[in-house]
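Student: Please see the structure below; I have some questions.
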Amino acid sequence: MLSDASDTSIAMRVFQLLGEMIAIDLIEKNMPTREHSTKVEWAFVSNLRIAPGQQQMRKESDLSESDYSAAWHKVDRDIGLLPGHFLSLSDKYAEKNKPQQKIGGAFYIDEYRESVLDGSRNWTRMGLPVEFKRGGTGLDPFDDRPSHNLDPHVDEGKEVRGQVMSHVEHVFGDQHRTAVYLLFVNGPLFRVMRWDHSGVIVSEPIDYLHSVDGTTCLLTFLNCYAAISPASRGIDTTAVPLSEGSCGWQRMDVVAGGSEYDLDYNEHDIEDASKVHDAFVDPSKGSVSLGTDDCVLHQDPTTRCTHPTTCHRSYPTDVVPEFTHARKYFQDSIADGHPRYMIKVGDMTLLVGRPMFQASGLIGRGTRGFVALDWQSQRLVFLKDSWRPYYEGMQEEGEIIEKLNKAGVPNIPTVLAHGDVEEQETETSNYSPLTGPKRVKPYPVWPVRNDLEARVKEVKCQSPKKPLPSTVAVPDVEYPLIDPLTAHASLTTVSSPALLAAATLPLPSEGAGPSAEYVASLVSPVHDACSTSGSSDDGAMAFKSGKQWVSIILDCMKAHMRAYNDCGYIHRDVSAGNILIQPVVVREGNQLSVYWQGILTDWELAKHKDVQHAWEPDRAGTWDYMSWNLLSYPGDPVRIADELEAFLHVLIYGSVRFIFHDFTTITSFMYSYFHGFTVDDNGNFACPPAKISSLITGSLTDGDHPIKFVMADGSTDHPLNALIGTLLALFKVRYQVLQWKKTHTPQTSTRREAAAARLAAASSTVSGGHQKRRLHDEFRRPRPAAQPTSATPMDVDSSAQMSQESGQKGIREVQPPTEDMLKTAASLENHFTIGVILQDFLDPDCTPEGLKGPAEWPSNDKGPDRLVDYMPSDRAPVTENLQRPPKRLRTDTNTKQVQAEPSTSGSKTARQPRSRRIVAPSDRTTRSKDSTLPKDSRDRGLPQSGPPTKATSRGRGARTATRAANGSAPAAGPSNSRTTQAVVTRTRTRVNFQNGRVGRSSSKRGGKGKASARG
C-alpha cells in the first residue's frame, strides 16, 4: 500500500487546512469557549487516569491503543465531541486474516444511531473515520522533521500508513465519495488528514491531551466539520440515495428476481432457438417503456411508492431478459441491504448498488464498475466510475469510443452516454508545487502550552498525607487562549516555511489530480468463478481453454488494428486488465450459439497518430505488459510493434497463470517476467529480467529453465509452445535489428545512448467452451502467395542462427541484419503477420508453421489459478537504496526531468476528471482487470520526450455510456445488441507530481465528458 502513497503527501498547517474547509472568518465562530475546552481536556485525562492528583494514576507509557479509544468513546458519550454525530468503536471486529480492516472507530451521523451497533464497523455509513494508536513517533505515518521528506522511514510507520490508506480505500469503495477526512489519534497527539485520489493533505501533530490549546484545536476542527455541507465533507452529492420505500428501490428488487427468458452466458449451442428471447436478437425489443401497460413505474425513481403491488408486479414481459452472469452481478450488488443510489449520466437515469468491480489502490483513477439499471429502458447496463487524467488537448475516452463506434470498429464497447461529473476535482493536486494554482501558506504551528505539566508540578508540592481523589475536578481557567488568528495576521508576508518543503514532492503517475467521469456502455464483465486472487483481471481470466484464450486475444487485436487503420488511434495501454469477454448470440446456418468474444476496452490513453507531441509528462502503458523497447527507451513513441508485443505478454500472462505446464510454482516467474524490474547504473527502473531473457533467446523462460505447456498425457505437444515460441522468435529478430540500428545510428540524446548500452549489456549477459472459433477475414493468409513484407517462421529460424553466432562473439561484434531480418522486423509494424500466426493456430483447415498438421487444442487444458494469495513485493524499498537526491531538491523548477519510477497505482500523473460511461446492453462484456492492478500491474509511468506538456488548471468529472460493438458478428447472425451490458464511466481530474517536475492535468465531472481507464 505504501507504494501507492509515496510522494503524494502535502504538509499543511492545521489553520490553513481549516481555512480550506470553511471560510477563515468562520473559524473563530466555531472555536469552543476555553471553559468547554478545559472540560473536554480533563475528561480525556481523567478517563485515562493520568490526571494529576488522581488515585491509581497511570503512566502514559503504559497506556494502550484500546485505552485511548475507550477514553474517546466515553468522552463522546458524556460530553459529545462532534455535533450531530456519535462515535462508534470497531477495533474488535476486524475480519479474520484481514488486519487492514481493523479500524479504531468512526463518527456517524445521528440518524444511523439505531442501525450502527457499537463495536462494529459500517463502511457504507461511516462519516469521519478515526484511527487510534498508542503513541510514539514510530507509529506516526508521517515524518515532520525538516531534514526529511514527509513519508515515514521506519517500517512501523510505513505499516501504519498502509493501514490508514486501506481504511480510506474501503470508504471510497463502499460509498460515493470525492474525498475522505480522517482523524489520526496517536496517543496524546492528533492529525487531521484529507484524502482524495491524488494524495493526502495532512496537518502537523497537535497535543490535545496536555494542553487546553490543543484540545481547542481538536474541537475547532470537529465543529468546522459539522458546520460544512456534505459535499464539503467529501460526499458525492450527485449520487442520490434511494429510500427503501422508493419506486426505484422496489423495482431493483423485482429486476434482481430475473426473467424466465434469461440466457446462460456460458458458451454452448442453443438446442431450442424458440426459447431465445427477441431481446437477444432485436435491439428494439430489448427494453420496455415507462408508463405502458407492461411497465407502470414512476418517472422519478426516488418517488415513494404507495401502491407497490400495482407499480412493481412482475409480468412475463416486464423484466427485460439478460445473460445469467449479468443478472447475478445485479443481485449481488443489492444484497444484504447495501445502500442504493440514483446517478445521472447525460439524459440517462441509472440505479446502482454495490460496485461489482473496484480497482485496488487508493492513489490513482479509483475506477469502479457497477451493473446499473437504466430507468428509461429497464435494461441492465455497465457504469464505469473513475477519475481520469486530464491534459490540455487530451481526448476523453467516451469521445474516442464514439468515433470508433461510428467507424464500425468491432470488438470494442458501444458508448450509450458519457460525461464529466460536475465540477469535481481532486484537491491535493491543486497544491502541486510547480503547476498547481494553490500554495501551502506559511502559517505558524497551532500554539500549544503544556498546562497539564504545570498541574502535575502543583500536585507534587501538596502534602503526601493528603488522600488523592478518585476523580479530579476541572481546573480553573487561568490563561486566555492564544489567538491563532492574530498569529496568522503577523505572518501573511512570510515565504513558505522550511518544514513544508516536504510538500513539494512528486506524486506517482497513477494518482495525481483526478476529476470525475461517468461512462455507460452495454458491457457486462464475465469474471472467473474459479479465481481466488480477487484480482482485477479476473474478467479476461474467465476463459475456459487455451484455444479460447488465443481467440479472445485475436478478437482484441482485430479491434486494435481497425481502430488504427480506420480511425488513426493507437491504444497505448494493451494489458490483461483492458481485455473483456463478451457473450454474444451467433448463428451458423440454422444453429444458434452463445459465443465468447474478446473486447478491447479502456481507450482513455489512446492517441491519434497525427498527434506528435506528448500529452503527459510520463509514459503511457502498464508496466507488466510494456515492450522491452519502451522500457529501455521511455522517450520513444508507442509503435504498433510495441502494442503487438504487449498482446504477446498478455497471452503469456494468462497462459502461465492457468494453462497446465511443467512449472510447479510460478510466483517467482511472474515477478521476474511481469512485476519485477532491473535497475540501471543511473538508478532507473528497467525491464524485468525474465522478459529480457525470453526476448533474447526466443523462447519462454524464467532465465534458467524454459516453460513448456503440457497435454493430458504429459507430452509437450501443446500448441501454445509452438505459438508462443514463434511469436517470441519474431520479436527476437526485431530486437536484433533495433540493437544494430541504435548502436550504428548517431544519437542526439545521452539518455538514449545509455538505454542502448543497457540493451546491449542485457543481450550479452542473458543466455473449456467451444473449440470451434470464429475466424477473421483480415487475417487470412494469402494462398499461395504471402505478404511481401511479412516474415515466415523460416525467416525467423535463419535469423535466429545469426543471433546465436553474434551472441557468441559478444555484443561489440553485432553483425548487420540480413535482408530477411529487416523484413521480419518491418512486418511487425502492422498487425497482419501476428494476426495470421494466431489465426493459423485456430483454423482447423490450416497447418501453422512449425507444426506437421492443424493445431490440436485440448478442451480441458485450463487448471486452477496459480496466483492465489500472490502479492508481489513493493518496488519502493529499492528506490530508497539508490541514494537518489533529496526530494525537495528534485522539485526545483530547474531540475532536469529524469526517468520516472514505474507507478504502482496504474495511471498517469495528471490531474484527472471524473466521468461516467455507459455501455449498451447488447454488448454485455466480461470485465478484465489485471491482478496486478494497481498492486502489481498498474500503469507504470515513464517520462516522455518532446515538447513540454501543456496542462490545464481545472478539471471536472465526466459521464459516458457505451455499448459493445458487434461489427465482427456474421451478417446472417442475430444482432448481439442485447448480449452485453451497458457501461457507464465517471471521471474527475488529478494532478501528477513527477520527479523534479509536475504535470498538471484536470478532469471534469458532471458536464459531458469521458470514460477513464483503471483504478
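Student: Sort out which residues of the stretch 686-711 are outside any loop (DSSP other than H, G, I, E, B) and buried (at least 18 other Cβ atoms within 10 Å of the Cβ), and write them in order of number.
Tutor: ALA686, PRO689, ALA690, LYS691, ILE692, SER693, SER694, LEU695, ILE696, THR697, THR701, PHE709
Student: Right, another one. So LYS406 ticks every box in (1) open to solvent by less than 10 Å² (accessible area, probe 1.4 Å); (2) modelled with pLDDT of 85 or more; (3) over 30 Å from GLN175 (Cβ atoms) but one. Which box is left unticked?
Tutor: That leaves (1) as the condition not met.
Let's see how each residue does on (1) over 30 Å from HIS170 (Cβ atoms); (2) surrounded by fewer than 24 Cβ atoms within 10 Å (Cβ to Cβ); (3) at pLDDT 90 or above:
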site	(1), (2), (3)
GLY364	no, no, no
GLU423	no, yes, no
LYS441	yes, yes, no
GLN462	yes, yes, no
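Student: Here's a follow-up. For a quick check of your reading of the model, give me the residue pairs whose first member lies in the stretch 210-230 and is of a type in the set (Gly, Ala, Ser), whose second is open to solvent by 10 Å² or more (accessible area, probe 1.4 Å) and assigned to a loop (DSSP other than H, G, I, E, B), with beta-carbon atoms closer than 6 Å and at least 6 apart or on different chains.
Tutor: SER211/VAL448; SER211/ARG449; SER211/ASN450; GLY214/VAL448; ALA226/PRO83; ALA226/GLY84
Student: Any residue in the stretch 53-63 that is among the small types (Gly, Ala, Ser) and either under 17 Å from LEU222 (Cα atoms) or modelled with pLDDT of 95 or more (or both)?
Tutor: no
Student: Same structure, new question: I need every pair where a residue in the stretch 240-268 that is farther than 30 Å from SER859 by Cβ and in the same structural domain as SER333 (by the TED database) has its Cβ under 6 Å from the Cβ of a residue that is open to solvent by 20 Å² or more (accessible area, probe 1.4 Å) and of a type in the set (D, E, K, R), sequence separation at least 6 or different chains.
Tutor: From the stretch 240-268, the pairs are GLY245/ARG304; SER246/ARG304.
Student: A further question follows. Any residue at all in the stretch 313-333 that is among the polar types (S, T, N, Q) and in a strand (DSSP E or B)?
Tutor: Scanning the stretch 313-333, I find no residue that is among the polar types (S, T, N, Q) and in a strand (DSSP E or B), so the answer is no.
Student: So is SER46 assigned to a helix (DSSP H, G or I), open to solvent by less than 10 Å² (accessible area, probe 1.4 Å), assigned by the TED database to the domain that holds LYS133 and modelled with pLDDT of 90 or more or not?
Tutor: no
Student: Cβ-Cβ distance below 7 Å, separation of 6 or more or different chains: which pairs start in the stretch 834-851 with a residue that is open to solvent by 30 Å² or more (accessible area, probe 1.4 Å) and end on one that is part of a helix (DSSP H, G or I)?
Tutor: GLU849/THR726; GLU849/PRO793; GLY850/ALA722; GLY850/THR726; GLY850/PRO793; LEU851/ALA722
Student: Can I ask one more? Is it true that GLY419 is part of a loop (DSSP other than H, G, I, E, B) and either surrounded by fewer than 24 Cβ atoms within 10 Å (Cβ to Cβ) or modelled with pLDDT under 90 (or both)?
Tutor: no
Student: What are the pairs, 6+ residues apart or on separate chains, where a residue within the stretch 360-386 that is under 18 Å from ASP318 (Cβ atoms) has its Cβ under 7 Å from a residue that is part of a loop (DSSP other than H, G, I, E, B) and among the charged types (D, E, K, R)?
Tutor: Note: pairs meeting the criteria are LEU380/GLU322.
Student: Only one residue in TYR208, TYR265 is at pLDDT 90 or above, under 21 Å from GLU28 (Cβ atoms) and touching a helix residue (DSSP H, G or I) at 6+ places or on another chain (Cβ under 8 Å). Which one?
Tutor: TYR208
Student: Let me ask another. Taking the stretch 370-390 on its own, how many of its residues are assigned to a strand (DSSP E or B) and among the small types (Gly, Ala, Ser)?
Tutor: 2
Student: Here's something else I'd like to know. Go through (1) open to solvent by less than 70 Å² (accessible area, probe 1.4 Å); (2) modelled with pLDDT of 95 or more; (3) in a helix (DSSP H, G or I) one by one and return the number of the condition TYR108 breaks.
Tutor: Checking TYR108 against (1) open to solvent by less than 70 Å² (accessible area, probe 1.4 Å); (2) modelled with pLDDT of 95 or more; (3) in a helix (DSSP H, G or I), the one that fails is (3).
The values are calculated or read from the model by the stated rules, or taken from the named source; none is laboratory data. Quantities reported herein were computed from a predicted structural model and do not represent experimental measurements. Quick reminder, even Gly has a Cβ in these numbers, built from the backbone with ideal geometry, and neighbours come from all protein chains shown. Only protein heavy atoms, including side chains, enter the accessible area calculation; ligands, DNA and RNA are left aside. Shrake-Rupley method; radii C 1.70, N 1.55, O 1.52, S 1.80 Å.
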